[in-house]
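Written below as structure tokens is the structure these notes are about.
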Amino acid sequence: MAFRLWASKTSSYLRISVPHRGFASVAKDLKYADSHEWVKVDGTSATIGITDHAQDHLGDIVYVELPEVGAAVKQGSSFGAVESVKATSDINSPVSGKIIDVNAELSSSPGLVNGSPYNDGWIIKVELSDAGEVSNLMDADKYSKFCEEEDSSH
């Protein structure tokens, strides 16, 4: 329930109206991988999804390949995929651990990833095996700069 409480508190803060399409929104209290996944750590568990930047580049998401609850994930390794009208992209785990929950809503509503990447569009929850791995990830400011540099190099 902690995630839902967090989501309701921050949903109004995340729905910043941006002119179509300025820079994608980056939530301040999350950590980010250079493969464009976010993680929110809550004690020994972590919620994982893809970033606003990633969903924006992918376009309309039509399918999310979800892993099984109980499967192990490793930092930097793929655990699933998102398929959009433009491309299919692997989803990599920003942390290592065991999957304790998957967002089954995405099976029937994959567009949640587009409409609410940091809240309703979360993908998996993981029991962390090494909380120290989080320190290898970028904070919001570093991730914003990373995205700007990546976009300007294309």
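Throughout, read-outs are computed from the coordinates displayed, never taken from laboratory work. Because the structure is predicted, anything quoted here is derived from the model rather than measured. Quick reminder, even Gly has a Cβ in these numbers, built from the backbone with ideal geometry, and neighbours come from all protein chains shown.
Descriptive notes on the structure:
- Between Ser77 and Glu149, the simple label model (points 7 Å from Cα in the Cβ direction) yields a spacing of 2.8 nm.
- R0 of 30 Å, Cβ-Cβ distance Val62-Asn136: FRET efficiency to nearest 0.05: 0.40
- 10 Å binning of all Cα-Cα separations within segment 69-114, expressed as whole percents from 0 upward: 23, 51, 25, 1
- Links that overshoot a 19 Å alpha carbon limit, given the list Lys28/Lys86; Lys31/Lys86; Lys86/Lys145; Lys74/Lys98: Lys28/Lys86; Lys31/Lys86; Lys86/Lys145
- Reach of Lys142 by Cα under 17 Å, taken over aspartates and glutamates that are not fewer than 8 positions away in the same chain: Asp29, Asp34, Glu37, Asp52, Glu133, Glu150, Asp151
- Between Lys28 and Lys86, the FRET efficiency from the beta-carbon distance, with R0 = 35 Å, is close to 0.75.
- Legend: ranking of residues Ser89, Ser78 from fewest to most surrounding C-beta atoms inside 10 Å; resulting order Ser78, Ser89.
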